[in-house]
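The values are calculated or read from the model by the stated rules, or taken from the named source; none is laboratory data. Note that the coordinates shown come from a computational prediction; the quantities given were computed from them, not determined experimentally. No Cβ is skipped: glycine too gets one built from the backbone with ideal geometry, and neighbour counts run over all protein chains shown.
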Amino acid sequence: MRQLEGSTTAAGLRFAIVVAKFNDFVTERLQTAAVEALAAAGVSNDDICVIKVPGAFEIPFAARQAAQQGRFAAVVCLGCVIKGETAHFEYIASAASHGIADAAAATGVPMAFGLLTTSSVEEALERAGAGPSNKGWEAAMAAVEMATLQRKITQAGRRAPAGHARGATGRRGRPSGARGTRGKQ
């Protein structure tokens with residue numbers, strides 16, 4: 001049995017970080033922690049592209065656009081939606097969440113979910129504190145693990161099953177050089 005797992009190091013891989021500007025007193029902290037996490041994983045500053053969008057609703061569009069470029073191993077999505085008096089919170093949180101998942105599925109590029117959906121400013125600031133408990137840090141590390149896991153899955157899929165040398169079969173799945181018996185009894 002083979003078990004595949006992502007790594008916490010990603011030197012040489014490129015990452016996009018899509019950050020909502022709305023509630024920037026929180027999202028700037030998420031961004032700082034995400035960049036620090038990527039640096040801790042061995043990612044160079046030159047391999048990080050920060051993309052600013054107006055709010056959480058716009059995150060999926062920018063994340064999908066970044067992923068479609070084929071330059072990034074993963075996309076980190078960061079934003080903050082704080083519940084208010086209306087249903088607006090539910091609509092934005094749902095649209096952004098589903099949009100990020102849809103963008104990842106459509107592009108095949110891992111996307112890490114760092115969208116805070118909190119009941120208060122205090123809750124948001126608590127989740128954006130210093131250190132590894134910061135949700136921006138956690139999202140960036142999830143992106144590193146998924147990007148490296150995706151590479152391992154791809155490599156494992158390219159390996160021939162045990163006992164079968166790659167390229168040792170012909171067009172119809174028979175060993176190279178073997179002749180068919182169609183029409184011969």
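Report, by residue number, each residue of the stretch 33-67 that is among the acidic types (Asp, Glu) and within 24 Å of Leu125 (Cβ to Cβ).
Correct list: Glu36, Glu58.
Of Val109, Val121, all but one fail to be out of contact with any Ser or Thr (no Cβ under 9 Å at 6 or more places or on another chain) and closer than 20 Å to Thr8 by Cα; the exception is Val109.
Against the criterion of being in a loop (DSSP other than H, G, I, E, B) and out of contact with any Asp or Glu (no Cβ under 6 Å at 6 or more places or on another chain), Ala10 qualifies. Looking only at residues of the stretch 126-184 that are part of a helix (DSSP H, G or I) and of a type in the set (Gly, Ala, Ser), we find that the one that is modelled with the lowest pLDDT is Gly157.
In the stretch 42-60, how many are assigned to a helix (DSSP H, G or I) and under 29 Å from Ala95 (Cβ atoms)?
Here is the first cut: in the stretch 42-60, the ones assigned to a helix (DSSP H, G or I) are 45-47, 56-60.
Among the residues that remain, those that are also under 29 Å from Ala95 (Cβ atoms) are: 56-60.
Matching residues across the stretch 42-60 total 5.
Residue count for the stretch 81-117 satisfying the condition of being more than 22 Å from the chain's Cα centre (by Cα) and surrounded by 14 or more Cβ atoms within 10 Å (Cβ to Cβ): 3. Restricting the stretch 124-155 to residues that are buried (at least 16 other Cβ atoms within 10 Å of the Cβ) and acidic (Asp, Glu) leaves a set whose member that is nearest to Gly108 (Cα to Cα) is Glu145.
Against the conditions (1) of a type in the set (Ser, Thr, Tyr); (2) outside any helix (DSSP H, G or I); (3) crowded, with 23+ Cβ neighbours inside 10 Å, Thr27 satisfies every one except (2).
Output yes when any residue across the stretch 71-80 is surrounded by fewer than 14 Cβ atoms within 10 Å (Cβ to Cβ), without any contact (Cβ under 8 Å) to a residue 24 or more places away in the chain and not in a strand (DSSP E or B), and no when none is.
Applying the first criterion (surrounded by fewer than 14 Cβ atoms within 10 Å (Cβ to Cβ)) to the stretch 71-80 yields 71.
Filter once more, so that each one left must be without any contact (Cβ under 8 Å) to a residue 24 or more places away in the chain: none.
Within the stretch 71-80, none of the residues are surrounded by fewer than 14 Cβ atoms within 10 Å (Cβ to Cβ), without any contact (Cβ under 8 Å) to a residue 24 or more places away in the chain and not in a strand (DSSP E or B).
Yes or no: the stretch 57-68 includes at least one residue that is among the polar types (S, T, N, Q) and over 20 Å from His98 (Cα atoms). The answer is no, given that none of the residues of the stretch 57-68 is among the polar types (S, T, N, Q) and over 20 Å from His98 (Cα atoms).
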